[in-house]
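> Sharing a structure, written as structure tokens. Questions coming.
The values are calculated or read from the model by the stated rules, or taken from the named source; none is laboratory data. As the structure is a computational prediction, the values presented were derived from the model and not from experiment. Cβ placement follows ideal geometry from the backbone for every residue including glycine, while neighbour counts extend to all protein chains displayed.
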Ligand code: ISL
Ligand code: CA
């Protein structure tokens, strides 16, 4: 039996930016409900919602102050129940974000922990003296609290204190939260930075340029132990799945995380196709670096995740495609990769429209805590203003977070009020309304490709084999029970000579047959 989460296409919603139903400029749950028919028409079978829990929004919901309630900005528990029920009517499952490496500093647990009140005193990681660890968002990872006369660890923003997984009470709290939502009818979790839960020791880390201390918390034995326990005591009792966001994993770590722990993990290696090791160290995008990494993970893990975008990454058409000269072809070529590789595909809202990076003109338009921290840090390090701007404009997480472009109307039809983050000016041409009615649009191509995947076992769970790879072209084959499908993708702006290929099932150039030459950003699914 093939599990349902291997067959379905996932669509990630960033609730704040998806659809505003009441004109306050912030996306909300009723907004999502109003778009369920559209998502159903697109053909997706699972929605992953970035956090909708109560949060002071220092990191837009990834800092949770109440795990068992909905942020009033987004609606109520009743709205959430309605979403689950309405989605289910359309055979769409809902997956929530589980953010339990840290809470918000506004969480009751943390407030009591600061006062030394039991049983919360040891819910977080407190020390008299900080070590040399640094935060994912730049700068030191420790913050002093007067009332305790101690420092707490925060691997992310100051408002995101890390939970203490040496305390069994914390693990029990997490189990309770998971049951609370699974009992309400959700179908699983996307688990935030899940491979860093347990810190083996708080000794100083080796000196390095980023994430000092990481050898003490990345994929440690303690984390594996906790994940096994969550699986045994909670997850195994429900028909659900988990996808773990796991930072800096190797295929070996991933295998271990998916052995009696999670069902699949997000890895990051392919996100380095346009940078060195950390995203801020820019380099020119190299198609073959992307292909090699994708192929490596396809071969090495049992069940892969496929993604080219999420709420932390720039828009794929802007970084791996050509938003200026070939916006439509390159967005479609990327769609072919996303939906024909082996593993569960994750579409990020707007990717199916070919949405591009934020058309920011000044640093004042930034919202993201990471971008702001990194920008001020880079200026302190005396990197040139020019480089800093380039770095932020190319890699800021706000690139992914501009509101959905539903129509050519003011603010892209996202809100009748003032949007929390500026809508891209190109909503006049890149938007759902136009694309829905245009059979040659990026959206229509996604719809057709998803329908093809949903009805083709070879594409859903067939084997994967590289046919050939060049600097710019990636060709592979998927096969299941003797049925084969070929795929070929050119992620360069130049024509490419290739071995003669054959008849197409889908082509982003509308071709029925491919000869020995590919056009810029040409991609096709082929008969075999
Ligand atoms: O976005 C990143 C770098 O720019 C990553 O390092 C990111 O911070 C990391 O992948 C963890 O991401 C997740 O946890 C963060 C949250 O800010 C992200 O939005 C979330 O996806 C802390 O909860
Ligand atoms: Ca709203």
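> Quick one: count up the residues across the range 352-367 that are assigned to a loop (DSSP other than H, G, I, E, B) and either in contact (Cβ under 8 Å) with a residue 40 or more places away in the chain or farther than 16 Å from residue 279 by Cβ (or both). Break it down stepwise before answering.
Quick first cut of the range 352-367, residues assigned to a loop (DSSP other than H, G, I, E, B) only: 354-362, 366-367.
Filter again for either in contact (Cβ under 8 Å) with a residue 40 or more places away in the chain or farther than 16 Å from residue 279 by Cβ (or both), leaving 354-362, 367.
Counting residues in the range 352-367 that are assigned to a loop (DSSP other than H, G, I, E, B) and either in contact (Cβ under 8 Å) with a residue 40 or more places away in the chain or farther than 16 Å from residue 279 by Cβ (or both) gives 10.
> Give 297, 280 a once-over and let me know the one that is under 27 Å from residue 135 (Cβ atoms) and buried (at least 18 other Cβ atoms within 10 Å of the Cβ).
Details: 297 fails: under 27 Å from residue 135 (Cβ atoms).
Exactly one of 297, 280 is under 27 Å from residue 135 (Cβ atoms) and buried (at least 18 other Cβ atoms within 10 Å of the Cβ), namely 280.
> Any idea which residue in the range 257-276 is farthest from the chain's Cα centre (by Cα), counting only those that are buried (at least 19 other Cβ atoms within 10 Å of the Cβ) and away from ligand 1 (no atom under 14 Å from the Cβ)?
Residue satisfying both the conditions and the ranking: 261.
> Okay, moving on. Take the conditions farther than 26 Å from residue 2 by Cβ, without any contact (Cβ under 8 Å) to a residue 12 or more places away in the chain, within 28 Å of the chain's Cα centre (by Cα) and surrounded by 14 or more Cβ atoms within 10 Å (Cβ to Cβ) and apply them to residue 507. Does it pass? So that I can check it myself, show each step before the final result.
Numbers: farther than 26 Å from residue 2 by Cβ: yes; without any contact (Cβ under 8 Å) to a residue 12 or more places away in the chain: no; within 28 Å of the chain's Cα centre (by Cα): yes; surrounded by 14 or more Cβ atoms within 10 Å (Cβ to Cβ): yes.
When the stated conditions are applied, residue 507 does not pass them.
> Could you grab me the full set of residues in the range 77-103 that are surrounded by fewer than 15 Cβ atoms within 10 Å (Cβ to Cβ) and either under 24 Å from residue 347 (Cα atoms) or in contact with a helix residue (DSSP H, G or I) (Cβ under 6 Å, 6 or more places away or on another chain) (or both)? Before the answer, list the steps.
Of the range 77-103, the ones surrounded by fewer than 15 Cβ atoms within 10 Å (Cβ to Cβ) are 77-78, 81, 85, 88-91.
Correct list: 81, 85, 88, 89, 90, 91.
> Grab the strands (runs of 3 or more DSSP E) fully contained in the range 1-100, keeping just those with 2 or more residues being more than 16 Å from ligand 1 (Cβ to nearest atom). Spell out the reasoning first.
Values: elements: 10-13, 46-49, 66-70, 93-98.
Passing ranges, in order: 46-49, 66-70, 93-98.
> Having 1 or more residues that are over 24 Å from the mean Cα position of the chain (by Cα) and surrounded by fewer than 15 Cβ atoms within 10 Å (Cβ to Cβ) is the bar; report the strands (runs of 3 or more DSSP E) wholly within the range 139-197 that clear it. Spell out the reasoning first.
On the way: elements: 142-145, 150-153, 188-191.
Strands (runs of 3 or more DSSP E) meeting the threshold: 142-145.
> Going by the structure shown, is residue 128 free of Cβ contacts under 8 Å to residues at least 40 places away in the same chain and either surrounded by fewer than 15 Cβ atoms within 10 Å (Cβ to Cβ) or under 30 Å from residue 207 (Cβ atoms) (or both)?
Details: free of Cβ contacts under 8 Å to residues at least 40 places away in the same chain: yes; either surrounded by fewer than 15 Cβ atoms within 10 Å (Cβ to Cβ) or under 30 Å from residue 207 (Cβ atoms) (or both): yes.
Yes.
> Hey, another quick one. Here is a list: 84, 26, 64, 92. Which entry is at pLDDT 95 or above and within 16 Å of ligand 2 (Cβ to nearest atom)? Break it down stepwise before answering.
On the way: 84 fails: within 16 Å of ligand 2 (Cβ to nearest atom); 64 fails: within 16 Å of ligand 2 (Cβ to nearest atom); 92 fails: within 16 Å of ligand 2 (Cβ to nearest atom).
So the residue among 84, 26, 64, 92 that is at pLDDT 95 or above and within 16 Å of ligand 2 (Cβ to nearest atom) is 26.
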